[in-house]
Amino acid sequence: MAMKTYVDQPNGVFPSVCSLDCPDQCGLLVHKQDGKIVKVEGDPNHPVTQGSICNKVRNMAERIYDTKRLTQPLKRVGAKGEGKFEPITWEEAIQTITSHWKQLIREHGPESILPYSFYGNMGRLNAETMDYRLFHRMGASLLDRAICNAAGGVGYNYTMGANYGTDPEETVHTKLFLMWGINAVSTNMHQVMLAEKARKNGAKIVVIDVHKNQTGRWADWFIPILPGTDTALALGLMHILFAENMVNEEFMEKYTVGHEELREHVKQYDPQTVSSITGVPADDIYRLARMYGQTSGSLVRIGNGLQHHDNGGMCVRTIACLPALTGQWLVQGGGAMKGNKGFLEHNKQALQRPDLLANKKTRRVNMNVIGSALLELDPPIRSMFVYGCNPALVAPEGNKVKKGLLREDLFTVVHDLFLTETAAYADIVLPATSAFENTDFYTSYWHHYMQLQKPVIAPYGESKSNVEVFRLLAKGMGYEDEMFDDSEEELIRQALDYPANPFLGSITYEDLVEKNYRKAAVTPNFIEKLPTPSGKIELYSKQLEKLGYPALPTYTPIPVESDLPFLYVPGPNHNFLNSTFSNNAKHVKLEKFPRLFMNTADAEASGIADGDLVRVWNDRGECELTVSVGETVLTGVVVSQGLWADQPGAKHHVNALTPDRIADMGGGATFFSGRVNVEKLAR
Ligand SMILES: Nc1nc2c(c(=O)[nH]1)N[C@H]1C(S)=C(S)[C@@H](COP(=O)(O)OP(=O)(O)OC[C@H]3O[C@@H](n4cnc5c(=O)[nH]c(N)nc54)[C@H](O)[C@@H]3O)O[C@H]1N2
Ligand SMILES: Nc1nc2c(c(=O)[nH]1)N[C@H]1C(S)=C(S)[C@@H](COP(=O)(O)OP(=O)(O)OC[C@H]3O[C@@H](n4cnc5c(=O)[nH]c(N)nc54)[C@H](O)[C@@H]3O)O[C@H]1N2
Ligand code: SF4
Ligand SMILES: [Mo]
């Protein structure tokens, strides 16, 4: 069945999907007039997102047609980082890149080339298909894409075996929500809407966070906690659940391994001890444990924030054990959710062709240490191809990243819709299409629906999709493998041919073309057979033991990296998506300026008043932010929101301050485990 695209229809309303790195993955309706997008709204027919979307994407047309959008390939004519470029043709761009790469491969081997990317576009084809084929074929260095949920994802899997969790559609039946380390009002708004429905039926919402932000204010009960101590709180809850007999013995016997060992092990985490670690009063720990142990239909929504710490993997592993103690996995609306992408797992082997690396011991570079890697790796990285990612703003140890990007002998190519902070350092810049200009398919990491993206508009200027750019680069490299000729339709068919995932069910390409939303065939009894070594929920993990970790959930404090007075948690904000939209006037206007939240007692002690401009610093760098004084954070903690770019006279690059230490699991990032000092600046 040929897919009809909407490109040739100048007027009308067309179904689409949000391509941003957001769990909600909304169904959209894109309105066109005279060939241009004039409005983006939610598709009421999407079973989960039901017609509502966030303000960021309601203003998407402003970004698509932003006058700053790239229309042509560019080559650098100024100094690195200066941002001076001249237009060139695609032919010249591909020729320049591939001849450079051929020379590097001859002289230094293919591992001198590093792809650097993330999910600026969540489309499975544009995020991780033709690019992988090309770089695997080439034998380039491999990138560990560990900047987001790596620690927590791996930790969760030690307990559950895969990214399997509660179906969000079931959460209208939930009676108790533990929103744990998630700023859901900003980052998972449809979970908030579902929780609101449940609330009308009496559900209670508890938020456990280091910052009383919009999500904390929405809660029935907000529990402030010290950063990096959530593992201890979870263990304290387990202590009480066992001690007060609020566990489900039958469930544990049937579906878990290690509950007897765990029962003994958590005796040491008594509420007093846990209180002194977490800053949560012992009475509140009792109250929370009883609420959790006595409410059926209790859901733990595990966020990304609590795992951006040195101990983030073990933290998520630990919290993920809670519903197994109470047997909540079998209760409608109960269980846990970290990420659900396992249910729509498709044939990545076919799409990405890792087999092409079969006999090679290709080196891996963790994207979280890109600054050090560019400055110190031996043999050096001599070329970097950046796409769908903005490392100059989003990667930790930002000053090291920028210093690395300044290397004269580094040949950098950036493919993006905009001349990002990273692109300013590039030798060649390539214009990217927006997702509305592509064919792709999408799988949410929260709800269970798969969706096809049909192009709605023609490519903007001379921009090209990732898939197309990697096809051209493969040709330019002289690779004649047929896989580089696969069409988008062929790729989607290959992806869906995957009997290894039973939940994929019978979703076919034809289905996707015909119906907008196709659901994974998940039933709650997925816990009957989990892909852990034992097939059960692993409260005790021999796998972890073998690797030298504690086999049972265990609290390890985050290292105190310096004697600076404040732990610093620089999270994302409401109106941007990571650094996306930080360059679009409308979104910046909505967000106004970056703030630093500080406790009243700390502010008074430092002679800082609400609204003061402060310098935030450590030995990695500095930043200048406007202080918001109050009780939204505990003493000894400061929080900022948003990945802002430096402006002339305004140092807003928060990742100048963040550590590039690697978390306990999965090579994860530790953005929120750094320490800073704060001092008042004269205006
Ligand atoms: N509007 C908007 N939506 C987004 C994004 C965005 O930038 N803006 N980004 C998208 C992406 S890529 C991701 S990964 C998700 C992230 O979305 P979330 O899962 O919500 O993760 P964060 O916003 O990083 O952090 C969530 C919360 O964790 C808190 N936190 C930090 N450290 C700790 C801790 O030690 N313990 C506890 N209990 N809480 C802690 C922070 O204060 C924050 O409120 O959102 C996605 N959606
Ligand atoms: N301090 C701090 N740092 C953080 C975080 C934090 O909470 N605090 N969060 C971390 C997390 S969770 C994440 S996921 C990362 C995210 O970091 P990034 O993955 O860098 O995300 P964005 O900043 O949104 O940048 C995505 C870029 O991709 C581009 N893009 C979009 N679509 C396409 C396309 O189809 N093709 C190409 N070639 N480009 C495209 C966009 O224009 C944008 O410039 O940031 C991390 N950094
Ligand atoms: S960013 Fe998230 S909430 Fe906003 S439209 Fe996209 S998927 Fe929906
Ligand atoms: Mo992320």
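The values are calculated or read from the model by the stated rules, or taken from the named source; none is laboratory data. Everything numeric in this text was worked out from a predicted model, so none of it was measured. All Cβ positions, even for glycine, are placed from backbone atoms using ideal geometry, and neighbour counts span all protein chains on display. These accessible areas exclude ligands, DNA and RNA; they are computed on the full protein's heavy atoms, side chains included. Shrake-Rupley method; radii C 1.70, N 1.55, O 1.52, S 1.80 Å.
Quick notes
- ³J(HN,Hα) computed for each position of the stretch 520-527 - Karplus, 6.51 cos²θ - 1.76 cosθ + 1.60, integer Hz, glycine/proline x: 5, 8, 9, 10, x, 7, 4, 6
- Computed [θ] at 222 nm, deg cm²/dmol, the chain (DSSP H ≥ 4; -39,500 (n - 2.57); rounded to nearest 500): -8000 deg cm²/dmol
- Computed log₁₀ I(q)/I(0) - Debye formula, equal Cα scatterers, no solvent, the stretch 415-559, q 0.15, 0.16, 0.19 Å⁻¹: -0.97, -1.00, -1.11
- The chain: mean projected area of Cα convex hull, nm²: 28.4 nm²
- Residue ranges 661-673, 356-368, 193-205 sort as 661-673, 193-205, 356-368 when ordered by packing (mean number of other C-beta atoms within 10 Å per residue, highest first).
- In sequence order, calculated HN-Hα J values of the stretch 7-13 (Karplus, 6.51, -1.76, 1.60; Hz; x Gly/Pro): 4, 7, 9, x, 10, x, 10
- Peptides 289-301, 419-431 ranked from most to least packed, by the mean per-residue count of other Cβ atoms within 10 Å: 419-431, 289-301.
- Each residue of the stretch 261-269 was assigned a 3J(HN,Hα) from its phi angle through the Karplus curve 6.51 cos²θ - 1.76 cosθ + 1.60 (θ = phi - 60°); the sequence is 4, 5, 4, 5, 4, 7, 4, 6, 8 Hz, with glycine and proline shown as x.
- In the stretch 1-91, the GluC sites (Glu not before Pro) that fall in loop regions by DSSP, at most 14 other Cβ within 10 Å: Glu82
- Normalised convex hull volume, the stretch 566-680, alpha-carbon set, Å³ per residue: 109 Å³
- When all alpha carbon pairs of the stretch 195-253 are counted in 5 Å bins from zero, the resulting P(r) reads 4, 16, 16, 17, 19, 18, 9, 2 %.
- Charge tally for Leu344 (other residues, Cβ to Cβ under 13 Å; Lys, Arg +1; Asp, Glu -1): +3.
- Extension gain, Leu590 back to Ala282 (0.36 nm per residue minus Cα-Cα distance, nm): 106.9 nm
- Summary of packing: across the peptides 227-239, 3-15, 553-565, the per-residue average of other C-beta atoms within 10 Å ranks them, highest first, as 227-239, 553-565, 3-15.
- Amide H contacts of Val639 (H built 1.01 Å from N, under 5 Å, at least 5 apart or other chain): Val569, Phe597
- Close amide H contacts of Gln453 (hydrogens built in the peptide plane, cut-off under 5 Å, sequence separation of 5 or more or a different chain): Asp440, Phe441, Tyr442.
- Here r is the Cβ-Cβ distance between Arg290 and Asn525 and R0 is 25 Å; the resulting FRET efficiency, rounded to 0.05, is 0.30.
- Gyration tensor verdict on the stretch 12-64 (Cα atoms; rounded if a/c is under 1.5, prolate if a/b is larger than b/c, oblate otherwise): oblate
- Heavy-atom surface of the chain, accessible at 1.4 Å and reported per residue (Å²): 36 Å²
- Accessible carbon and sulfur surface of the stretch 566-680 relative to its total accessible area, %, 1.4 Å: 53 percent
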